[in-house]
Amino acid sequence: MTYTGDVTRGGEPAVRELAGLTVTKVSVGPTDNNAYLLTCRSDGSQLLIDAANDAQTLLDLIGPAGLATVVTTHQHPDHTGALQQVVKETGAASIAGTDDAAGIPVVTGTVNDGDTIAVGDCTLEVIHVVGHTPGSIVLLYREPGGTAHLWTGDSLFPGGVGNTRGNKKNFASLIADVQTKLFDRLPDDTWFYPGHGKDSTLGAERPHLAEWRERGW
């Protein structure tokens, strides 16, 4: 089936085969958080992005192959509800951005801008994006000879950047980081996978950056 990224809580996961990685997207929890299981296609190593809720759903998704790592994109509780149970059941390492680690239930290692995280023989680059929270991170995977892919947490969605709750300083920081570290750096065909809702591409959203700046959210 063609991957669309459309998922609903209790529904079937959406699966996408990339060069090097398989991406499995599932919706969990009462606020329809997205969780993403990345599986290295060469050795089966697995990494989960945001153990947000519905621990048993995530454990079933992980399956007997086990889990090497959980990465939490930011400290908000709707993104960490199943983290402790998933880590306990799988023994996975729990990684988060340094400036958010204190607000996350269990963290075994921290990362900063430019660091890398392995998924088998695949590599994710950490991009620190400040504004939604102080330590929010985005993960970048570049397919060999192909498309760039971003897991953006709640820092970038189709239609705008993440919620900064009317804080002008936080909004200014977030829109600046999203523009300079994502849009200015990566091409239009870059696909991004947000913390809630549907996916999009940088090309689809790029024409609206000035509009987002003007409206202030």
Wholly inside segment 88-195, strands (runs of 3 or more DSSP E) that include 1 or more residues that are in contact (Cβ under 8 Å) with a residue 60 or more places away in the chain and buried (at least 17 other Cβ atoms within 10 Å of the Cβ) are 116-119, 122-128, 137-142, 148-153, 191-194
Could you grab the pairs with beta carbons closer than 8 Å, sequence gap of 6+ or different chains, first residue in segment 55-66 and closer than 18 Å to V15 by Cβ, second one aliphatic (A, V, I, L, M) and in a helix (DSSP H, G or I)?
L58/V86; L59/V86; I62/V86
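Restricting attention to segment 23-44, and to residues there that are among the polar types (S, T, N, Q) and either surrounded by fewer than 23 Cβ atoms within 10 Å (Cβ to Cβ) or in contact (Cβ under 8 Å) with a residue 40 or more places away in the chain (or both), which single residue is farthest from L124 (Cα to Cα)? Let's see the steps before the verdict.
Here is the first cut: in segment 23-44, the ones among the polar types (S, T, N, Q) are 24, 27, 31, 33-34, 39, 42.
Filter once more, keeping what is either surrounded by fewer than 23 Cβ atoms within 10 Å (Cβ to Cβ) or in contact (Cβ under 8 Å) with a residue 40 or more places away in the chain (or both): 24, 31, 33-34, 39, 42.
Numbers: T24: 16, T31: 26, N33: 21, N34: 18, T39: 12, S42: 16 Å.
Looking at residues that are among the polar types (S, T, N, Q) and either surrounded by fewer than 23 Cβ atoms within 10 Å (Cβ to Cβ) or in contact (Cβ under 8 Å) with a residue 40 or more places away in the chain (or both), I get T31.
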Evaluate segment 70-79: report whether one residue or more is more than 23 Å from L21 (Cα to Cα), in a helix (DSSP H, G or I), charged (D, E, K, R) and out of contact with any strand residue (DSSP E or B) (no Cβ under 6 Å at 6 or more places or on another chain).
no
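Among the listed residues D32, D50, which satisfies the condition of being closer than 18 Å to P105 by Cβ, in contact with a strand residue (DSSP E or B) (Cβ under 8 Å, 6 or more places away or on another chain) and among the charged types (D, E, K, R)? If you could, list the steps in order and put the result at the bottom.
Values: D32 fails: closer than 18 Å to P105 by Cβ.
Going through D32, D50 in turn, just one is closer than 18 Å to P105 by Cβ, in contact with a strand residue (DSSP E or B) (Cβ under 8 Å, 6 or more places away or on another chain) and among the charged types (D, E, K, R): D50.
Quick note: the coordinates plus some simple rules give every number you see, no bench work behind them. Predicted model, so just to flag it, every value in this text is computed and none were measured. Ideal geometry is used to build each Cβ from the backbone, glycine not excepted, and the neighbour counts take in all protein chains shown.
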